[in-house]
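Structure, as structure tokens:
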Amino acid sequence: MKRDFTKLLDISEKEGEYLLKRAHSLKRHRAVKHARLPLAGKTLAMIFEKASTRTRLSFEVGMRELGGHAIFLSPGETQIGRGEPVRDTARVLSRYVDAVMIRTYLQDVVEELAKWAAVPVINGLSDLYHPCQILADLFTIEEYMGNFRDVKIAYVGDGNNVANSWLEASILFRLNLAVATPPGYSPAKDLLEKAAANKHFHCVTDPYDAVKGADAIYTDVWVSMGQESEKKKRRQVFAGYKVDERLLGPAKRSAIVMHCLPAYRGEEISEKVFEKYSDVIFTQAENRLHVQKALLEWLIADKKM
């Protein structure tokens, strides 16, 4: 039976723990040359309807380091861009490749692809979820703090796809998570209802309340791809949600600051705070590679836990 990764809640807590443990091992042994590569002869199709730096590089390099091959497909180079039904593209790709990664706008497209494809489908990003990013973020928190279960994580900013996937993480792992968004910009309602069952989760509008006693403060852009027409309004609405030295005041002195990039200094994060925690932020970016290698190996090679 094939497995898909369209959102974080597609996996179990045990499977999530396995993927993170495997990612740690892959990172430690990255320089070791193995005689047998788990994805030798395997091919990943990568469909990009949204531009990317980290997603493309991490998946492409990851496949190569595991012995496989990745093919980049833009809308203009496939029949999807000319209106071919997603279900037809899914069935065609299944005859050629061993897995499909898609970075797109609509979550419905990801789920339609997964429904019709005979091979695993990975959500590289949609407007609703960013599951690969959050796995890498949990991995990063483990590296810096030893684990993610005994720390408080505060997300400040837009209730976007990253925030939604953080809510899924809080549901899956029962995280101590606080989310602060402006009124009208909260994460998905159904996820808020599910996350509310976790007594360690709360969603507020006051960012200072969210970061109080936090071990990790997390932010993302205020204007995501496709929202450019809202830029002026969003800058006004989110003005009080900038992660700067003042906002870090209520957090623990040992707290780290995280950002999934790209970052717009002076908007969601100050230049000074970004540079102070740049090692954490760029380690996050690197860790996309290690986590996604674990995910690719698990999905394509049917790696047992």
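What to note about this one:
- Neighbour-count ranking [beta-carbon atoms within 10 angstrom, fewest first] of Thr55, Thr283: Thr283, Thr55
- Loop GluC sites (Glu not before Pro), segment 220-266, which have at most 11 other Cβ atoms in a 10 Å radius of their Cβ (DSSP): Glu245
- Applying the criteria of a DSSP loop state and at most 16 other Cβ atoms within 10 Å to the trypsin sites (Lys or Arg not before Pro) of segment 260-305 yields Lys303, Lys304.
- Principal semi-axes in Å for segment 170-220 [√(5λ), Cα gyration tensor, largest first]: 16, 15, 9
- Its relative contact order, with pairs defined as Cα atoms under 8 Å and 6+ residues apart, puts the chain at 21 percent.
- Of Glu77, Glu65, Glu17, the one that fluctuates the most in a GNM where the chain has Cα springs shorter than 10 Å: Glu77
- Pairs from the list Lys189/Lys276; Lys7/Lys242; Lys27/Lys276; Lys115/Lys199; Lys50/Lys189 with a Cα-Cα gap above 31 Å: Lys189/Lys276; Lys115/Lys199.
- Theoretical ellipticity at 222 nm over the chain - DSSP helices of four or more residues, -39500 (n - 2.57) apiece, nearest 500: -12500 deg cm²/dmol
- Rg in Å to one decimal, and Dmax rounded to a whole Å, for segment 103-224 via C-alpha atoms: 14.6, 47
- Residue with peak Gaussian network fluctuation, the chain [Cα springs, cutoff 10 Å], from Leu191, Leu177, Leu289: Leu191
- Size-normalised alpha-carbon gyration radius of segment 156-287, reference 2.2 N^0.38 Å: 1.00
- For segment 256-305, Kirkwood radius (reciprocal of mean inverse C-alpha pair distance, Å): 12.5 Å
- Which of Phe48, Phe59 has the fewest Cβ neighbours within 10 Å, and the rest in rising order: Phe48, Phe59
- Between Gly16, Gly83, Gly249, the GNM of the chain built on Cα springs shorter than 10 angstrom shows Gly83 fluctuating the most.
- For segment 212-305, Kirkwood radius (reciprocal of mean inverse C-alpha pair distance, Å): 15.2 Å
- Restricting the calculation to Cα atoms, segment 1-46 yields a radius of gyration followed by a Dmax of 13.4, 34 Å.
Each value in this text was obtained by applying a stated rule to the coordinates, not by laboratory testing. Since the model is a prediction, treat every value here as computed from it, not as a measurement. Note that we place each Cβ from the backbone using ideal geometry, even for glycine, and neighbour counts take in every protein chain shown.
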